[in-house]
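K.L.:
Dumping the structure here so I can ask a few things about it.
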Amino acid sequence: MRTSSALKASSALPSLAAIQAEIRRRNDERERERVRLNADSIRARCIRLSGFVREAWHVLQPATPYIHGWHIDAICDHLEAISDGRINRLLINVPPGTMKSLLVSVFWPAWEWTERPSLSYLTTSYSEGYVKRDSRRMRDLVGSEWYQSLWGDKVRLARTAEISFENTARGFREGKPFASLTGGRGDRVIIDDPHSTETAESQAERESTARIFRESVPTRLNDPVKSAIVVIMQRLHEQDVSGQILALKLGYEHLMLPMEFEPERACATSIGFRDPRTFDGELLFPERFPREVVDRDKVPMGSYAIAGQFQQRPAPREGGMFKRSWFEGKYIGSAPAGTRWVRHWDLAATASKSAAQTAGVKLGRMPDGKFVVGHVVTTRAEGPDVRKLIKATAESDGREVEISLPQDPGQAGKVQAADMVAMLAGFTARAEPETGDKATRAEPFSAQCEAGNVLIVKGTWNESYLDELCLFPGGSFKDQVDASSGAFARLAKPTAPQAIFGRYGTA
């Protein structure tokens, strides 16, 4: 039995909690002294965001050494462009594990507060858990001994809830799950992974997320002119939020960095950035993801996940009925003299943003018998605007380019076709019914592509054209493929006599 003196001695021993508190106190004291002695040089290195990331890393990841990659500088430079007011819409597509959430959702807002503590942030992700995680990270960083020792005269936390907090300059951060993004505003709206990898394949979930992005996000800004929106994500589907931004041409600066470099997709942006990699397959972040790790991880992922999450194009690079490798080395500056040209139009029924588009593909047959895609034009206009585009394109192409139009079945289709051909008086135009489904019609053109008999004239439309081809027949849009098939079908026929081919009107 313990004596009363032993019990008293035992009760006098410090508890584990007290020991831990003392350790923290001593560590904080050492940190204060270190920062005090080096404050000016630390602040100087933190003038740039990438320098701030290096200096602040130990606060959030004390047990993990910092590993730098050039892509970190690239992301930081584009975020600084927002801070400087040079851009206010930014889309970043990078693979998982490349520090995207820490850079955009944690370090950048904390860094901006060192100069502009009154800024407000509305942050969101598909998962409430991730919203809370990054909110805690930023709160802990701003409230840390390191940060307060350097910028505590400007930034002190006044309210510190888990998912939202505020400083004494009235700057705040508020977090919401993306599905609940119907309230709140900020000087910065940060959207970090609006889609889940588990639900992006669900059409209903995907369309709901895209609708929220289109309808709710633009109204969440404090200043519709100067406030900024940053979307950072990996690609999960051709119609994910990134796909919406690109397809609708919403004016976002696009920083796209695939895990393995694809020279034909080298990213360049308006702030002077260009992907510095030089050879096909060169890795993005070999310091963290060396070749053996990337190859190991690709095995269980499969081609679709690799294409989206690693390569930032939500379809296998090799495609389905059409493969990108068929067009490697097939780009030319211009077609040779003597090429016979046909532009075929695939006409959409509506101008809805989610529906098919009208596409006109100019395809040529060269004197050596090979084919060349010379130009592609697309629009989501309808009615008179489509007619104007077809007429203007015909005038731009010249009278030597034949015009091929589809004729829908029934009397209404015949009337529409006759009206369209009459509008093109003076040009060689013909409308014919189409038979078979789109995939069947595409097979002859696909066979020529596979045989290496199809070249492409270099142009700004090349990438979107090949993207649609290589998604076919699984992609949502098939208009450029169908227009190519129609032009090929016309070119595959022998040149018809003038009367049979149908020259309407006079030159």
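The values are calculated or read from the model by the stated rules, or taken from the named source; none is laboratory data. Fair warning: this is a prediction, and the values are worked out from it, not measured in the lab. FYI the Cβ positions are ideal-geometry reconstructions off the backbone, even for glycines, and counts take in every protein chain you see. Each accessible area value is taken on the protein alone, full model and side chains, heavy atoms only, with ligands, DNA and RNA left out. Shrake-Rupley method; radii C 1.70, N 1.55, O 1.52, S 1.80 Å.
K.L.:
Which one of Ala266, Ala348, Ala247, Ala305 is under 29 Å from Ser446 (Cα atoms), touching a Ser or Thr at 6+ places or on another chain (Cβ under 6 Å) and open to solvent by less than 60 Å² (accessible area, probe 1.4 Å)?
P.N.:
Details: Ala266 fails: touching a Ser or Thr at 6+ places or on another chain (Cβ under 6 Å); Ala247 fails: touching a Ser or Thr at 6+ places or on another chain (Cβ under 6 Å); Ala305 fails: touching a Ser or Thr at 6+ places or on another chain (Cβ under 6 Å).
Just a single option satisfies the conditions, and that option is Ala348.
K.L.:
Could you say whether any residue in region 229-244 is at pLDDT 95 or above, open to solvent by 30 Å² or more (accessible area, probe 1.4 Å) and either in contact with a Leu (Cβ under 9 Å, 6 or more places away or on another chain) or small (Gly, Ala, Ser) (or both)?
P.N.:
There is no residue in region 229-244 that is at pLDDT 95 or above, open to solvent by 30 Å² or more (accessible area, probe 1.4 Å) and either in contact with a Leu (Cβ under 9 Å, 6 or more places away or on another chain) or small (Gly, Ala, Ser) (or both).
K.L.:
Still on this structure, please answer the following. Exactly one condition in (1) open to solvent by 50 Å² or more (accessible area, probe 1.4 Å); (2) of a type outside the set (D, E, K, R); (3) part of a loop (DSSP other than H, G, I, E, B) is false for Thr219; which is it?
P.N.:
The number of the failed condition is (3).
K.L.:
Would you mind finding the one in Ile67, Ile47 that is touching a residue at least 60 places away in the same chain (Cβ under 8 Å), among the β-branched types (Val, Ile, Thr) and closer than 30 Å to His254 by Cα? Spell out how you get there, then give the answer.
P.N.:
Details: Ile47 fails: touching a residue at least 60 places away in the same chain (Cβ under 8 Å).
One residue alone meets the criteria, Ile67.
K.L.:
Just to be sure I understand, how many residues within region 93-118 are among the polar types (S, T, N, Q) and either more than 21 Å from Arg156 (Cβ to Cβ) or in contact with a strand residue (DSSP E or B) (Cβ under 8 Å, 6 or more places away or on another chain) (or both)? Even if it seems obvious, please write down each step before you answer.
P.N.:
Initially, region 93-118 is screened for residues among the polar types (S, T, N, Q), giving 93, 98, 101, 105, 114, 118.
If we keep only those that are either more than 21 Å from Arg156 (Cβ to Cβ) or in contact with a strand residue (DSSP E or B) (Cβ under 8 Å, 6 or more places away or on another chain) (or both) as well, we get 93, 98, 101, 105.
Residues meeting the conditions: 4.
K.L.:
Identify all residues within region 418-445 that are crowded, with 16+ Cβ neighbours inside 10 Å and in contact with a Gly (Cβ under 9 Å, 6 or more places away or on another chain); write none if there are none.
P.N.:
Val421, Leu424, Phe427, Thr428, Ala429, Arg430, Ala431, Glu434, Arg441
K.L.:
Across region 229-268, what is the number of residues that are over 23 Å from Arg288 (Cβ atoms) and part of a loop (DSSP other than H, G, I, E, B)?
P.N.:
Summing the residues that are over 23 Å from Arg288 (Cβ atoms) and part of a loop (DSSP other than H, G, I, E, B) in region 229-268 gives 9.
K.L.:
All but one of (1) hydrophobic (A, V, I, L, M, F, W, C); (2) loosely packed, with under 13 Cβ neighbours inside 10 Å; (3) under 17 Å from the mean Cα position of the chain (by Cα) hold for Val299; which doesn't?
P.N.:
Failing condition for Val299: (3).
K.L.:
Related question: Pairs, please: C-beta under 7 Å, at least 6 apart or cross-chain, first residue of a type in the set (Gly, Ala, Ser) and in region 262-277, second open to solvent by 50 Å² or more (accessible area, probe 1.4 Å)?
P.N.:
That search, which allows pairs on different chains as well, returns Ala266/Arg274; Ala268/Arg274.
K.L.:
Given the structure, is Glu198 free of Cβ contacts under 8 Å to residues at least 40 places away in the same chain and loosely packed, with under 14 Cβ neighbours inside 10 Å? Steps first, please.
P.N.:
Values: free of Cβ contacts under 8 Å to residues at least 40 places away in the same chain: yes; loosely packed, with under 14 Cβ neighbours inside 10 Å: yes.
Spelling it out, Glu198 is indeed free of Cβ contacts under 8 Å to residues at least 40 places away in the same chain and loosely packed, with under 14 Cβ neighbours inside 10 Å.
K.L.:
Would you confirm, using the coordinates I've provided, whether Phe322 is in contact with a helix residue (DSSP H, G or I) (Cβ under 8 Å, 6 or more places away or on another chain), hydrophobic (A, V, I, L, M, F, W, C) and more than 25 Å from Lys458 (Cβ to Cβ)?
P.N.:
no
Residues checked against (1) more than 19 Å from Ser334 (Cα to Cα); (2) open to solvent by 10 Å² or more (accessible area, probe 1.4 Å):
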site	(1), (2)
Gly360	no, no
Gly364	no, no
Gly369	no, yes
Ala381	yes, yes
Val386	yes, yes
Lys391	yes, yes
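K.L.:
Of all residues in region 461-494, which are surrounded by 22 or more Cβ atoms within 10 Å (Cβ to Cβ) and polar (S, T, N, Q)?
P.N.:
Answer for region 461-494, where residues must be surrounded by 22 or more Cβ atoms within 10 Å (Cβ to Cβ) and polar (S, T, N, Q): Gln480, Ser484, Ser485.
K.L.:
Failed condition for Asp397, given (1) open to solvent by 20 Å² or more (accessible area, probe 1.4 Å); (2) within 28 Å of Met321 (Cα to Cα); (3) of a type in the set (Asp, Glu), with all others met?
P.N.:
(2)
K.L.:
Would you pick out the residues in region 166-193 that are crowded, with 21+ Cβ neighbours inside 10 Å, more than 16 Å from Arg116 (Cβ to Cβ) and over 22 Å from the mean Cα position of the chain (by Cα)?
P.N.:
Within region 166-193, Gly175 is the sole residue that qualifies.
K.L.:
Report yes if Thr209 is part of a helix (DSSP H, G or I) and either surrounded by 14 or more Cβ atoms within 10 Å (Cβ to Cβ) or in contact with a His (Cβ under 6 Å, 6 or more places away or on another chain) (or both), otherwise no. Write out each step before concluding.
P.N.:
Details: part of a helix (DSSP H, G or I): yes; either surrounded by 14 or more Cβ atoms within 10 Å (Cβ to Cβ) or in contact with a His (Cβ under 6 Å, 6 or more places away or on another chain) (or both): yes.
The answer is yes for Thr209.
K.L.:
Just checking, how many residues over region 394-452 are part of a loop (DSSP other than H, G, I, E, B), of a type in the set (Lys, Arg) and free of Cβ contacts under 8 Å to residues at least 24 places away in the same chain? Full working, then the answer.
P.N.:
Within region 394-452, the subset part of a loop (DSSP other than H, G, I, E, B) is 398-401, 408-409, 424-427, 434-437, 451-452.
Applying the additional criterion that residues be of a type in the set (Lys, Arg) yields 399.
Adding the requirement that they be free of Cβ contacts under 8 Å to residues at least 24 places away in the same chain leaves none.
Residues meeting the conditions: 0.
K.L.:
Determine which single condition Phe445 fails, assuming it passes every other condition in (1) at pLDDT 85 or above; (2) of a type in the set (Phe, Trp, Tyr); (3) within 24 Å of Glu395 (Cβ to Cβ).
P.N.:
Only one criterion is unmet by Phe445, namely (3).
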